[in-house]
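Novice: Mind looking over this structure? Questions follow.
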Amino acid sequence: MKKIIASALILGACLVLVLAAGCTQPTTTTVATTTAPTAVATTEETVAATPVPTTVDSLTPGPTQTLPEIWSIEVQVESNGESINPQITTTLRGGKGMNVVPQIDVKITRSDGVVETGQLVQPLHIGQTIVLAGTTKNTDRAEVWVTTPNSEKVKVYDAYIPFRSYN
């Protein structure tokens, strides 16, 4: 009888370990906070807009600037790593400038040449995100521009966003 109980406990512990091992991947459930389009009543048939490849934007990241400490902003840019629906998420992580910076612009230049843009505007809060389409390549370029209270645009982030990281 004791062997049956011990076997059941060991089997239950193994089952718990197997279930816990499947839950170790971080989930990225984000909500896009971009401006919603307004509906306009028309009699014409509406056709969905398709992104147009552009060759003007370079895929090579350039130099960035540092904001003054009183206007500092921290952002995190990462890919969701999903091959079915690749997305690049830009998250506001905080900073002293959250109350004075009027807006943050994000520009994704995908490896296929399509440019996606988004914007965070006041009121800014920690955890606010922008989700833009990406590709499964490791050459998607993300640029983050902060508009200062003096109405100057400062590029604070410019880098390739890897599709997946195997850390």
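Novice: Length gain on complete extension for the stretch Thr64 to Glu152, per 0.36 nm per residue less the alpha carbon to alpha carbon distance?
Specialist: Between Thr64 and Glu152, full extension yields an extra 30.3 nm.
Novice: Between Thr117 and Ile84, what FRET efficiency follows from the Cβ-Cβ distance if R0 is 25 Å, with the result rounded to 0.05?
Specialist: Once rounded, the FRET efficiency stands at 0.60.
Novice: Where a ≥ b ≥ c are the square roots of the eigenvalues of the C-alpha gyration tensor, would you call segment 79-151 rounded, which needs a/c under 1.5, or, failing that, prolate if a/b is larger than b/c, or oblate?
Specialist: The shape class here is prolate.
No value in this document is a laboratory result; all are computed from the given coordinates. Because the structure is predicted, anything quoted here is derived from the model rather than measured. For neighbour counting, all protein chains shown are included, and Cβ atoms are generated from backbone atoms with ideal geometry for every residue, glycine included.
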